[in-house]
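What follows is a set of notes on a single structure, which appears directly below.
The values are calculated or read from the model by the stated rules, or taken from the named source; none is laboratory data. As the structure is a computational prediction, the values presented were derived from the model and not from experiment. For neighbour counting, all protein chains shown are included, and Cβ atoms are generated from backbone atoms with ideal geometry for every residue, glycine included. Surface areas here come from the heavy atoms of the whole protein model, side chains and all, with no ligands, DNA or RNA. Shrake-Rupley method; radii C 1.70, N 1.55, O 1.52, S 1.80 Å.
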Amino acid sequence: MLLPQHPFFVATALATYLAQGVHAGPSANMNACLWQPLEPIVNTTVTFDVNVGANTCMNKRGTSNTVYINSIGLFCASLGEVEAKFSSTGGDTCATDESHWGLSWRTEGNPPKSTGSTNSRWYYGSRIRLHGSTPNTYLCTSYARCTDIDAYWPGNGENLWVVFEPASIQGIDSAEEIGKHLRLQLQVNDDL
């Protein structure tokens, strides 16, 4: 009779463990979105960058992407798979350290006319919580605006959306400027 301490069982258990590779944490197909509440004065490109902030203990970080904003609405770009890492390999201490992922956005121009960012903490049990975000940044479990900064999901590559709702895009940042912009829109519509 073979016992669990038998070299065969030890070798089999070790081979199974090594075949599993790095212990992956929860993963999601991340999407980055920007809410444009007004008709843009000029169309603009927004770049979402995944190579920012405290990217620590992440197996996959996604890929930066852009979106073209040309009207009122929610504009999103897929960033691909993002996956937390909950094991220690290659000298890191991810088995005990926290998993963090950063994301930023900027409009075209040098310097950019508008920017924003967030960081997120990834937990065991398929939970993400945003922190250190520019105002009005949310984490949504569907393609829609929401007001959550915390999400629970199955953690197996399902879609999640980080939605930025900046108070200002293209330099419109005061009530007076928004009023001028709306009056211009009404005037253009009346002229049509």
Next on the checklist: From the list Gly116, Gly102, exactly one residue is in contact (Cβ under 8 Å) with a residue 40 or more places away in the chain, in contact with a Phe, Trp or Tyr (Cβ under 7 Å, 6 or more places away or on another chain), within 23 Å of Ile149 (Cα to Cα) and among the small types (Gly, Ala, Ser). Which is it?
Outcome noted: Gly116
Next on the checklist: Go through (1) at pLDDT below 95; (2) buried (at least 17 other Cβ atoms within 10 Å of the Cβ); (3) of a type outside the set (A, V, I, L, M, F, W, C) for Pro40 and report which single condition fails.
Outcome noted: (2)
Checklist entry - Which residue, of Arg127, Arg61, Arg121, is touching a Phe, Trp or Tyr at 6+ places or on another chain (Cβ under 9 Å), open to solvent by 60 Å² or more (accessible area, probe 1.4 Å) and either farther than 15 Å from Ala28 by Cβ or not β-branched (Val, Ile, Thr) (or both)? => result Arg61
